Ligand code: BES
Ligand code: ZN
C-alpha cells in the first residue's frame, strides 16, 4: 500500500466536507444575479490550491474568473493539465427537488446537489488525489497544472480567449489534459471516453405585428409569428430525426466498421435505458443504433420555445413575437463556422414575408476525438482504473460537449483524456442531480494511482 492510499482511506470525511462546502455555493454562470457567488466559488478553489502550496492565480476575464494553479516545474518530465468547471446549470424547476439544490444532502450513498456530478464532485477527485500525494510525499516528480473555469455551461468563451493568448498558451502548455466531466458506461464500469460531440447554440426571435392582436379581427390576414416559428423549426428536421439544413452532413465522417462493432459489443440494455426516462422506445435516424445516434451522429434539438399566452384558460390572440432556443450537436469533423453559415442561409430563405427575424449565435464549439493508439497516457490511466474498479475500462464516445476540449487538443497539441465518474442516472442539468460517494472516493483513488503510474513509468 502506498502512503497516498492510506491518506485517501483516512481522509474520506474531510474530502466530503470539502465537496459539501463548494456545493453550497450557487455558482450559476448563466444567471447574472449570481455574479458574487461565482467570485466566491472561484475564491474557494484559490484557497484550496494555495493551501496545497501551489502557485495559484485568479485570472480575471470578460465574464467569470478562471483559477489557475501549478506545482513546481520538473524539467524533462511531463506536464499534466487537469481541467474542470466550477459553474453549474440553473437549478430550476426548483419545486421538483427533494432537497434544496444548494444544500448537499446524502441519500442512499449519493450526494444530492446542483453541480454534484457536473462538475464540482468530479473535478475535486483530482484535487484531492494531488492533495493526497503532496501531503504524503511532499512533491511530485513531474508538474501538475490545474485550470478551473466558470463558463463551461455557457460556452467557455473566456477560457477559449485565454487559451489562444500568449500567456494562456504558455501557462497551459502540457503533455496531457485530464478531464472528469463525463460518465461511466455502467455503475462500477470504469470508462475512457475518447470522443465528444460539439455544439452550436442559437436563438431565433420572430416579430410580426407591433402588438398582440385580436385573432378574430386579424386572423387569416396576417402571418402569425408562432405559426411561422413552428413551420421553420418543423422544417429543420424530418420525422426520423434527419436534419434538413442543406449541406449539414457534408463533413460527417462515416462510422468505421471497427467502431460499430466495438459499440455493439458493449453490454447495453436498451429497454432499461428508455424505461429509466419514462419511455417505451427511442427515436432517431434510420440505420443507427441508440448509442450511435447519441454519440457519433449530429443532431438538432429545440431547447425552449416561447410565444403568446401561457396562462390559465384561453386567450384569443395572434402574438406579436415568437422565439426559440435551439442547438445542433456536431461530430468531430464538422466545422461550427460552416454549420453556422448554412443555418443562417437556411433561416433567411424560409422566414415568410411579413415576419422580421433576428438570429443570434450564442456559442459554438467543435467535437473532439482522441486517437487511442497514439496516446502514451492511455495505458497508465487504464491500469489505474483497472486496479481501482477491478475491471478493465471500456472505451466509448459521448454525446455531450465540453466546449474547450477540441481547442485544448488543437492549441496545446496534447491528448485530452476524459475519465468520467458520473452515472447515467446522475440527473445532470435536471432536478435532483446527484453524485455517488463511492464514485467520488474511487475517483480520488484512481486519479492518484494514475499520477503515481506516470511518476514511475514515463
Ligand atoms: N458534463 C457536461 C458534458 C457531458 C454531458 C459530457 C454528458 C458527457 C455526457 C458538461 O458540463 C455540459 O453540460 N456541457 C454542455 C456544454 C454547452 C452548454 C456548451 C452541454 O453538453 O450541453
Ligand atoms: Zn453540464
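The values are calculated or read from the model by the stated rules, or taken from the named source; none is laboratory data. This structure is a prediction, so every number in the text was calculated from the model and none was measured. Neighbour counts run over all protein chains shown; Cβ positions are idealised from the backbone, glycine included.
Annotations
- If you go through region 339-371 and keep only what is surrounded by 13 or more Cβ atoms within 10 Å (Cβ to Cβ) and under 20 Å from residue 409 (Cα atoms), you end up with 363, 364, 365, 366, 367, 368, 369, 370.
- Being buried (at least 19 other Cβ atoms within 10 Å of the Cβ), more than 16 Å from ligand 2 (Cβ to nearest atom) and over 20 Å from residue 356 (Cα atoms) holds for only one residue in 202, 248, and it is 248.
- If you filter region 124-139 down to residues that are in a helix (DSSP H, G or I) and surrounded by fewer than 22 Cβ atoms within 10 Å (Cβ to Cβ), you find that the one that is nearest to ligand 1 (Cβ to nearest atom) is 134.
- Considered as a group, the residues in region 186-199 that are part of a loop (DSSP other than H, G, I, E, B) and crowded, with 22+ Cβ neighbours inside 10 Å include one that is nearest to ligand 1 (Cβ to nearest atom), and that residue is 197.
- In summary, strands (runs of 3 or more DSSP E) completely within region 279-392 and bearing 3 or more residues that are within 16 Å of ligand 2 (Cβ to nearest atom) and touching a helix residue (DSSP H, G or I) at 6+ places or on another chain (Cβ under 9 Å) occur at 356-365.
So that you can scan it fast, the table gives a plain yes or no per residue for (1) within 30 Å of residue 360 (Cβ to Cβ); (2) away from ligand 2 (no atom under 16 Å from the Cβ); (3) touching a strand residue (DSSP E or B) at 6+ places or on another chain (Cβ under 8 Å):
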{"residue": "137", "(1), (2), (3)": "no, yes, no"}
{"residue": "197", "(1), (2), (3)": "yes, no, yes"}
{"residue": "208", "(1), (2), (3)": "yes, yes, yes"}
{"residue": "214", "(1), (2), (3)": "no, yes, yes"}
{"residue": "222", "(1), (2), (3)": "yes, yes, yes"}
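- Hey, residue 428 within 22 Å of residue 85 (Cα to Cα) and part of a loop (DSSP other than H, G, I, E, B) or not: yes
- Residues of region 54-70 that turn out to be touching a residue at least 40 places away in the same chain (Cβ under 8 Å) and surrounded by 13 or more Cβ atoms within 10 Å (Cβ to Cβ), as a count: 11
- Test: residue in region 25-48 that is more than 20 Å from the chain's Cα centre (by Cα) and in a strand (DSSP E or B): no
- Residue count for region 393-416, restricted to those that are within 14 Å of ligand 1 (Cβ to nearest atom) and either within 14 Å of the chain's Cα centre (by Cα) or assigned to a strand (DSSP E or B) (or both): 12.
- Selection of region 158-177 for residues being free of Cβ contacts under 8 Å to residues at least 60 places away in the same chain and not in a loop (DSSP other than H, G, I, E, B) yields 166, 167, 168, 170.
- Subset tally (residues that are more than 10 Å from ligand 1 (Cβ to nearest atom), at pLDDT 95 or above and within 17 Å of residue 178 (Cα to Cα)) for region 140-158: 7
- The number of residues in region 205-234 that are in contact (Cβ under 8 Å) with a residue 60 or more places away in the chain, under 16 Å from residue 327 (Cα atoms) and exposed (fewer than 13 other Cβ atoms within 10 Å of the Cβ) comes to 0.
- Look at region 84-108: where a residue is more than 26 Å from residue 63 (Cα to Cα) and a partner is part of a loop (DSSP other than H, G, I, E, B) and within 16 Å of ligand 1 (Cβ to nearest atom), sitting 6+ places away or on another chain with Cβ atoms under 6 Å, you get 96/431; 97/431; 104/113.
- Verdict on residue 399 being under 21 Å from residue 195 (Cα atoms), within 14 Å of ligand 2 (Cβ to nearest atom) and buried (at least 20 other Cβ atoms within 10 Å of the Cβ): no
- Of all the residues in region 71-101, those that are more than 16 Å from ligand 2 (Cβ to nearest atom) and either at positive phi or crowded, with 19+ Cβ neighbours inside 10 Å (or both) number 7.
- Of the numbered criteria (1) touching a strand residue (DSSP E or B) at 6+ places or on another chain (Cβ under 8 Å); (2) more than 30 Å from residue 434 (Cβ to Cβ), the one residue 169 fails is (1).
- Within region 235-245, being surrounded by 14 or more Cβ atoms within 10 Å (Cβ to Cβ) and free of Cβ contacts under 8 Å to residues at least 60 places away in the same chain holds for 241, 242.
- Qualifying residue in region 262-275 (condition: in contact (Cβ under 8 Å) with a residue 24 or more places away in the chain, surrounded by 17 or more Cβ atoms within 10 Å (Cβ to Cβ) and under 25 Å from the mean Cα position of the chain (by Cα)): yes
- On inspection, residue 428 fails the criterion of being within 16 Å of ligand 2 (Cβ to nearest atom), closer than 14 Å to residue 381 by Cβ and within 13 Å of the chain's Cα centre (by Cα).
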